[in-house]
Structures are given as C-alpha cells and as structure tokens.
Amino acid sequence: MLSLFPETAAVEDGELVVGGLRASALAEEHGTPLVVYCEQTLLDAARAYRQAAPNALALYSLKAFPSVAILRLLAAEGFGADVSTLGELEFALRAGIPGERIVVHGNNKSGEELRAAAEADARFVVLDALDEVGQAAAAGVERALVRVTPGIEADTHQAIRTAHHGSKFGLPPDQALEAVQAARTAGIDIPGVHLHIGSQLLGLDAGLETIDWLGGFATRCRKELGWEPTVVDLGGGLGIRYVEGERAPTVAEFVAALLTRLEATWPGRPPELILEPGRSLVGRAGLTLYRVGVVKRASDAVTYVAIDGGMSDNPRPQLYGARYEALLANRADSEAIASYDVCGKHCESGDVLIEGARLPETRRGDLLAVPATGAYTLSMGSNYNAVPRPAAVLVRDGMARVIRRRETVDDLLRHEASS
C-alpha cells in the first residue's frame, strides 16, 4: 500500500513517516484532520511534465487545490496557472504568476471576471459560449481560445466527463466555428482552440481519440474559415492510483503518447501545446491524517471506525463513488485482520469515506492515514455541521511548513451578520 502514498513515505519503527517526519509528530503538532503534502513528490511530478513536453506551456489547474505556496513551488519549475474564477485568478496573482502564464476558463464567466482577466493581461481567455464573444470584447480581452466539445465519451465517472455531447462546457463544432469567426470580427486574436475531455483518466485511448478528432477539426477550420489553430490547449485529465490494483499511465507515457499522435496526424506543422495538469501533480503528493474516535459494531457485517473528519474535508466518495484505502499510521507494520467501514462525523448516513478498509484491530486514539488525497479534497470541502476545515502542511527533509492554517469556529462565525 505504500506505493499509494507520497514517494518519501516509509515505515520506521512501526510508524508511517513522510518527508522525514513521523505521522504521530505531525498530528501532535498540527492537530487532525491534517492534509500532509510531500514537496519532493510534487516537484518530481512537475519536472516529469517539463521533461516530457519542454516546449509546451504547462499550467497548474488550481481547482485541484488552490494554494499560494504550491503555486510558488510550481512557478519555480516553469509552471503557470489554469484558473476558472475570480478567486483562482487572485491566488495565481498573489503567487506572482505573470499574466503571460495564466489561462482563464469558466463556463459562465462574469463581466467582472472577464475584466480581471484583461487587466491581468492573461495569456488567453477561453471562450465558452457564443454570447461570451461580445462580453469578452467589451471587457477588453485581446487574446482568446475557443473551447470546442467533440462528443468524446471519456472512460471516467460521468460527473467528470467534459467533452461529451450535451456537456455544459464548450461549444459543439459548428458553434465553435461560429465563435472563432465572431471573435475575429470583434477584434479578438484567436490563435487556437481548447479541449478537455475529462478527469481521472487511467488510459490513453480517449486522449489519442481527441488528437485524431482535433486534426480533422483543424482541416475543417482551414476549409471553412481560411484559418487554422496554431495553439491547442489539451487541458489535463491524467489520473492517479487511489487503490491497489489500479494502474495509471506515468506522466512520461501520457504526454509522449499525445505528442507522438499530434505530430503524426496534425495537418501541417504541429501547433503550440498547452497542458493543464492538476490531479497528477498534487494528488499522490497529499495524504490525510485522521484521529480515530468511536469504533462501533453496527451489525454482523459492518463495524464502523469513526474519524474526526469526513465529507466536509473529502466529499469525493459521496460525489463520485470514489474509493480509497487506509493505513493505521501509528501501527503501520501491524497485520490487517479485519474489515471496517471508515465513516465521518457528519449527520449523513452517506458520510462514509471507505467501505471495507482492511486494518489491524482499530481502537479509539489510533491515527488513520488515507493516501492520494492531495487533489479535489480540501478544494471541494465545506463547513457542513459547522466543522472548520483542516490545516495543510508541506513536508520535506524533516521539516514541516504550514501552508493552510486550520480554520476555527470563530472563522465561521465571522461571516455572520449582526442582528
């Protein structure tokens, strides 16, 4: 199971260690739940992308986990930012990301967001609707891509497919051509297109199908508009392993397959490429530590292990049926002898993080470690039941740095209007 954890994870004297720090020491100093990011794992993933596609514009997709500290680390490796809201844009700017390395998305961008993108001199705004052309021009947007929806069904959960027929994202091909023409008429420079087929991709087929489709679309653009894309933004989507037995392509395998197909099938000189990884940068780099509370035998078939977090810090199991595994961090070398359902503390029967987790005999006070929680956990979290959200720390070489402080109940009450 250690292969699901960050690269620096090890078991020493029976305890989980990450970045040279014992899980128990991290929990004692910073409390639980606690999201722990391994700096080395994150940087290795970033460098794999830069090595695989040295000429591409690589952007970190902030929706995976917005963090100024992580953005600064990635910026030092040559990454920019893929943002989709005013808030995400501000994170990127606070991290010192220059506009030339920012691409602004969103299926329903407000006038304020479009103006902010123009003021930041963003590399591109991605036009997502026909009526957005006029809005973008009025906001002062000078450069844009058009998002096209090819009707490809990615092999992933239906909630995170984004290029199928009927998607809320992008434009069908006929409308995309219309948007290109309208934007050019409005004085917006349109050098290319954007396409993203979905998230948590564990194979290559959908990506290769996308490249083939794009080649045909480029030919159609040339014939019908006398214009062809010189920039193609392929989005992100590469998945990670969440449970043992899963396999995901490596960054090198994934990117090499796309580049090879692009060079082989593009009608003419291949376009400039933009990539927007998120999960594959931070997903494996993060793990969550929880303190075990109640251990309850609910029936002959189910024994619950209740933790001090749950769906407020990780709603993926409820949203997508996501699966995880777990390790007792304080007794990491003990034999797993029983099956437990790991549940959260929230007032929902569906607040179950893991069904059938194989663990040693688990007791109140134990420390539970859940790997592969670096992406789409805290960023999708909530304050359900008025539970403050966890802290996050970045670890390396025996040092831990707080990159997100733990919320308090006072933080939640600060938003209440006085009577």
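From the list SER334, SER379, exactly one residue is surrounded by fewer than 20 Cβ atoms within 10 Å (Cβ to Cβ), part of a loop (DSSP other than H, G, I, E, B) and either in contact (Cβ under 8 Å) with a residue 12 or more places away in the chain or among the hydroxyl-bearing types (Ser, Thr, Tyr) (or both). Which is it?
Of SER334, SER379, the one residue that is surrounded by fewer than 20 Cβ atoms within 10 Å (Cβ to Cβ), part of a loop (DSSP other than H, G, I, E, B) and either in contact (Cβ under 8 Å) with a residue 12 or more places away in the chain or among the hydroxyl-bearing types (Ser, Thr, Tyr) (or both) is SER334.
Please find, within the stretch 401-419, the residue that is nearest to the chain's Cα centre (by Cα) out of those that are open to solvent by less than 40 Å² (accessible area, probe 1.4 Å) and farther than 16 Å from HIS346 by Cβ.
ILE403
Residues that are closer than 19 Å to ARG284 by Cα, touching a strand residue (DSSP E or B) at 6+ places or on another chain (Cβ under 9 Å) and touching a residue at least 12 places away in the same chain (Cβ under 8 Å): find the strands (runs of 3 or more DSSP E) completely inside the stretch 28-138 holding 1 or more of those.
It comes to 34-38, 57-61.
Looking only at the stretch 165-199, count how many residues are over 16 Å from ARG147 (Cα atoms) and surrounded by 24 or more Cβ atoms within 10 Å (Cβ to Cβ).
1
Residues to consider are GLU361, GLU355; find the one that is modelled with pLDDT of 95 or more, open to solvent by 80 Å² or more (accessible area, probe 1.4 Å) and not in a strand (DSSP E or B).
Just a single option satisfies the conditions, and that option is GLU361.
Going by the structure shown, is ALA23 within 24 Å of VAL387 (Cβ to Cβ) and either open to solvent by 10 Å² or more (accessible area, probe 1.4 Å) or touching a helix residue (DSSP H, G or I) at 6+ places or on another chain (Cβ under 8 Å) (or both)?
Yes.
Consider the stretch 255-292. How many of its residues are free of Cβ contacts under 8 Å to residues at least 60 places away in the same chain and surrounded by 24 or more Cβ atoms within 10 Å (Cβ to Cβ)?
0
Only one of (1) within 27 Å of GLU407 (Cβ to Cβ); (2) open to solvent by 30 Å² or more (accessible area, probe 1.4 Å); (3) out of contact with any Pro (no Cβ under 9 Å at 6 or more places or on another chain) fails for ASP44. Which number is that?
(1)
I'm checking my understanding of the structure. Among residues of the stretch 293-328 that are without any contact (Cβ under 8 Å) to a residue 12 or more places away in the chain and in a strand (DSSP E or B), which one is farthest from CYS343 (Cα to Cα)?
Residue satisfying both the conditions and the ranking: ARG297.
In this structure, does LEU394 turn out to be outside any helix (DSSP H, G or I), within 12 Å of VAL36 (Cβ to Cβ) and either of a type in the set (Ser, Thr, Tyr) or open to solvent by less than 80 Å² (accessible area, probe 1.4 Å) (or both)?
Here the answer is yes, as LEU394 does meet what is asked.
The values are calculated or read from the model by the stated rules, or taken from the named source; none is laboratory data. Computed from a predicted model, the values in this text were never measured in an experiment. Counting neighbours? That spans all protein chains shown, and the Cβs are built from the backbone with ideal geometry, glycine included. Each accessible area value is taken on the protein alone, full model and side chains, heavy atoms only, with ligands, DNA and RNA left out. Shrake-Rupley method; radii C 1.70, N 1.55, O 1.52, S 1.80 Å.
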